[in-house]
1. At what distance in angstrom do the alpha carbon centres of segment 28-47 and segment 134-186 lie from each other?
2. When the chain is fully extended, how far beyond the present Cα-Cα distance does Asn57 get from Ala70, taking 0.36 nm per residue of separation?
3. Looking at the P(r) of segment 5-86, how many percent of alpha-carbon pairs lie beyond 16 Å?
4. Distance from a point 7 Å along Cα→Cβ of Glu123 to each backbone N in segment 45-72: keep the residues under 16 Å and list them by number.
5. List the trypsin sites (Lys or Arg not before Pro) in segment 21-90 that DSSP assigns to loop (not H, G, I, E or B) and whose Cβ has at most 10 other Cβ atoms within 10 Å. Which are they?
Amino acid sequence: MKVNNSLIKDCLAGDRKAQFSLHKNCYSILMSVCVRYKVDRDEAKSSVNAGFLKILNNLDRYDPKVPFEAWIKRIMINHVIDEFRKDRKVQELIEYTDFNEKQVPDGIDYNEADKAFDASDLEAMIRTLPPVTKKVFNLFAIDGYSHKEICKLLNISEGTSKWHVSSARKKLQELINQQMNSQKVI
């Protein structure tokens, strides 16, 4: 994604049409970040709008040496994490689920699984994870945060972060196995 400097200058000058144009250009990227962390699309849309406001308010801090897409993604991820911290109700809803640590059947070829699933199937599986596990897994596996960074961002221990990633992997493997086995039966 390339945003020309004149559009950024117009946005900094308060030009509403330029801000709308920038929002239109950034919407799909910002939405892709938010849907990974939010329960439903309405919450994700709300986060996109609030995060975009932060982007506009901090546009004067943008360094043209940094890719604009990476800069707005970082702001959006930080915004979603800030929302998570503010929402203490989520802290009360933490579910620690034992997924009965089942062994992976020997009959599953994960190359077959890779061919059988597309990104939307995997995203749907990730959405079924418990809320905190989903957030930690997204931060670690998709956004590339380390366990140390995650524990600082979410106020959890490093061990808890590792547990959530491990738990998410086990649950996702279980879901992939179920899907693969159901496809073989048909």
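Every number here is computed from the coordinates shown, using simple stated rules; none is lab data. Given the structure is predicted, the values throughout are model-derived calculations rather than measurements. Positions of Cβ are backbone-derived with ideal geometry, glycine not excepted, and every protein chain shown enters the neighbour counts.
1. When both Cα centres are located, 19 Å separates them.
2. So the extension gain works out to 3.0 nm.
3. Values: 1593 of 3321 pairs.
Result: 48 percent of Cα pairs exceed 16 Å.
4. 45-48
5. For trypsin sites (Lys or Arg not before Pro) across segment 21-90 that sit outside H, G, I, E and B with at most 10 neighbouring Cβ atoms in 10 Å, the list reads Lys65.
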